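So the structure is just underneath, and the comments pick up after that.
Nothing in this text is a laboratory measurement; each read-out follows from the coordinates by a stated rule. Worth saying up front: this structure is predicted, and the values here are computed from it rather than measured. Every residue, glycine among them, receives a Cβ derived from its backbone with ideal geometry; neighbour counts consider all protein chains shown.
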Amino acid sequence: MKHTTINLPFSVGISPTLHIRGLIAGRIIKKNETIERCPIILIDKKEEPHLKQTTLWRYYYEWNNTRHCIVLGYASLINHSYKPNAIYSFDYKNKNLIFKAIKNIKSGEEILVNYNQDPDSKAPLETILTDFNSHRPT
C-alpha cells in the first residue's frame, strides 16, 4: 500500500487573542487556497440532546435538516471570529467539510472562521461556544 505524506499549512498552537488552542498558519496561505478537507461523522439530529451533554457539542456542525456532523481533522480546532480569514463549505457528495482561505493569511496568523458559516454574519452565538474559559488547557 502506498502512503501519502500530507504537508499541512498550519500547526496547532495557542491563539494569540483567545489564549486557547487554535490553528496557526505555518506559511502564507493564499486566498482561495484549501486549508483542510475534513472527513465527517454524521449524527442524527434526534441525538442532539445527548450530544449537548458531551464535550463534542462544542465541535459539531449542522450538516442538513436531519443531521449534524462531527468534523475529523485539525480544522475542528479553528476558532470563531466575526472577522474571519477562512470559510467552511459542505461537500455533501464526499461527506467532507472544506476549509478555505477567504483572504491571504500570513505565516504565524491564527486561522479563524465565522461559526455562523457566512463570513459577514453578526448573529450571536450560543454562550457555550464563546465561553473560552471552558476551552483553556489545564
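If the cut-off is 23 Å between C-alpha atoms, which lysines fall inside it for K100, apart from same-chain ones fewer than 8 positions away? Filter leaves K30, K31, K83, K122.
What residue among N114, L97, T54 has its Cα farthest toward the positive end of the dipole of the chain, where the charges are +1 on Lys, Arg and -1 on Asp, Glu, each on the Cβ? It is L97.
Enter the per residue convex hull volume of the chain, computed from alpha-carbon coordinates, in Å³ rounded to the nearest integer. Could you put the intermediate results ahead of the total?
Numbers: hull volume 19.7 nm³, N = 138.
In the chain, the Cα convex hull volume per residue is 143 Å³.
So for each of 42-54, 98-110 I average, over its residues, the number of other beta carbons within 10 Å; can you give me the resulting order with the highest mean first? Before the final figure, lay out each step's value.
Numbers: 42-54: 11.9, 98-110: 16.5.
Taking the mean over residues of other Cβ atoms within 10 Å, the ranking is 98-110, 42-54.
Cross-link partners for K93 among the aspartates and glutamates, with Cα-Cα distance under 17 Å and sequence neighbours closer than 8 places in the same chain left out: E36, E62.
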